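What follows is one structure encoded as C-alpha cells, with my remarks underneath.
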Amino acid sequence: MTQRAYNFTPGPSMLPLPVLRRIQEEWLDYNGMGASVIEISHLIPEFKALLFETEDLLRELLEAPANYKIAFIHGGGQMQFALVPLNLIALKPARKALYVETGLFATRAIAEGGKHATVEVIASSQDTNFDRIPAIDPAALDPAASYLHITTNNTVVGTQWRDFPRTGGLPLVGDLTSELLSRPIDVSRFGLLYAGAQKNLGVSGIAVIVVREDLLAHGSPMLPKMLNYTQLVRDRSLSNTVNTFAIYVANLMLKWVKASGGVRAMEANNQEKARLLYELLGRHEGFYHLHAQPGHRSAMNVTFRLNTPELEAAFIAEARAEGLYALKGHHEFGGIRASIYNAMPLEGVRALIDFSETFVRRHG
C-alpha cells in the first residue's frame, strides 16, 4: 500500500484505518452473502438488521431520549436547509423562523429558509468576518417563531458554540454536520438536530436527523414523501432505496467510536489535538494568524493565515510533500484550514506541528 497521508480535508473527511480495512475485506462479500453491500436490496432482512443496528448505535452514543426519532436521509446536510422549514414552519401560525448567522453555511441556511418562511436573523458575527459566536439577546427569542436555528460548528471559519442557547419553549434546531459525535451533546436541548454524514459519520450523500417526536406531523400535505420527516421516520429511513453503502460505513464508524471509548473519549482526544495545534500557532502569532477569537475556536476546524498569499501557497505545497494533505482553506475564505475530526490521529496533528515549526524556521 502506498504510504497514506495525514488527511486534513474538511469533508468528505478521512476515515479510520480499521474502518477502511473492514470495507476492503467485505467489499466483494458482505456478511457471507456472496455480494457486495452496494449490490444487495435495502428491503432484505440482512440489510434491515444493519440499518436498525446503525440507528440503535447512534441513539446509544448520543444518549438520545426515547422520545427522539432518527432517520437517514438522502442529500446531505445542505438539503436540510430547506427541509427544516418545510417540516417545522407550520408549528406556529406566524410561519416565522429565527436564525443565528455564524458563517458560510449558516448564511446558506438562512437564504434557503427564507424561501419557505419569514426569517429573522437575531444575531450575527458577519461584521467581524465571523470570528466569534455572537451573543443572543433573550428578548429576541420571539415565542411566535416556530424554531431557532444555529450552526454549532462553523467549518469554514473555525468557530464553535461552547454552550447552546436556552430557548424555553422555542424549539432549537442545530446543524451539527461538522461536529456530530465529537463531544457529548445534550440532545434534549434540541427539538431537532441534523448532520451530513461526511465528517464523523462516514461518507457523503446522506444526512441524519434526530427529531423530538412532538415536532413531527407539521409538514404541508403537499410535501413530497422523500422530503417529509414524518414519513421518513415512520418508514425507518426506508421510504425508497436508501444509500446502502453510506449506511454500512456509518455502522462501521459508530462501532469504531464505541470501541474507542465512546463520545467522551472522542472529546478528550479532540481537545488534546486542538490544544496542541492552537498552542503551536500561538507561539508564532506574528507568523501564523488565527482567525477565530479565543473562547470561540473550533476543536474540529483550525483556521489561520500567513503573512502573504505566496507564503500560504508554499505552506500548502510543502506540507503536501511531507504527507500532510488538504490544508488549503475554503475557496471563499482562503488561508489555511486543518480539519481534525475524530478519525485524525494525534500523530497526524503532531506531524503538522513539527512541519509548522520547521516552516517558521525556513521562511520566518
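Since every read-out is calculated from the coordinates, none of them should be taken as a lab result. This is a predicted model, so every value here is computed, not measured. When we count neighbours, we look across all protein chains shown, and the Cβ atoms used for this are built from the backbone with ideal geometry, even at glycine.
Only Cα pairs under 8 Å and at least 6 apart count here; give the relative contact order of the chain as a rounded whole percent. Walk me through the numbers on the way to the answer.
Numbers: 681 pairs, mean separation 82.4, N = 364.
Relative contact order, the chain: 23 percent.
Within the chain, count lysine pairs with alpha carbon atoms under 18 angstrom apart where the residues are 8 or more positions apart or belong to different chains.
Within the chain, the lysine pair count is 9.
Could you please state, rounded to a whole Å, how far the C-alpha centre of region 337-364 is from the C-alpha centre of region 166-185?
The distance from the Cα centre of region 337-364 to that of region 166-185 comes to 29 Å.
On a C-alpha basis, how far is the centre of region 82-141 from the centre of region 258-283 in Å? Whole number, if you could?
When both Cα centres are located, 30 Å separates them.
Below 8 Å between Cα atoms, with a sequence gap of 6+, how large is the relative contact order for region 1-106 in percent? All intermediate terms of the calculation are to be shown ahead of the outcome.
Working: 26 pairs, mean separation 8.0, N = 106.
The value is 8 percent.
With the dipole of the chain worked out from charges on the C-beta (+1 for Lys and Arg, -1 for Asp and Glu) around the Cα centre, which of L290, V302, F105 lies farthest toward the positive end?
Final value for the positive-end residue is F105.
Go ahead and set up a Gaussian network model of the chain, Cα springs under 10 Å, then flag whichever of G76, G282, G348 fluctuates most.
Of G76, G282, G348, the most mobile in the Gaussian network model is G282.
Give the residue from P184, L50, T167 lying farthest towards the positive end of the charge dipole for region 18-259; charges sit on Cβ (+1 for Lys and Arg, -1 for Asp and Glu) and the dipole is referred to the Cα centre.
Ranked along the dipole, the leading option is T167.
If each of Q3 and R320 carries a label point 7 Å out from its Cα toward its Cβ, how far apart are those two points in nm?
1.7 nm
For the chain, what is one quarter of the convex hull surface built on the Cα atoms, given in nm²? Show your work: numbers first, answer last.
Working: hull surface 73.4 nm².
Averaging across all directions leaves 18.3 nm² for the Cα convex hull.
Tell me, what ³J(HN,Hα) does each residue in region 149-161 have, in order and in whole Hz, if you take phi through Karplus 6.51 cos²θ - 1.76 cosθ + 1.60 with θ = phi - 60° and put x for Gly and Pro?
For region 149-161, the Karplus curve yields 10, 10, 9, 6, 9, 9, 4, 6, 9, x, 10, 8, 5 Hz.
Just for region 62-174, what percent of DSSP beta bridges are antiparallel, to the closest 5? Show your work: numbers first, answer last.
Numbers: 2 of 14 bridges.
Here the share of antiparallel DSSP bridges comes out near 15 percent.
With +1 on each Lys and Arg Cβ and -1 on each Asp and Glu Cβ, and nothing else charged, work out how big the dipole of the chain is about its Cα centre, in Debye to the nearest 20.
For the chain, the charge dipole is close to 180 debye.
Report the relative contact order of region 160-272, percent, no decimals, based on alpha-carbon pairs under 8 angstrom and at least 6 residues apart. Could the numbers behind the result be given before it?
Values: 122 pairs, mean separation 27.1, N = 113.
In percent, rounded to a whole number, it is 24.
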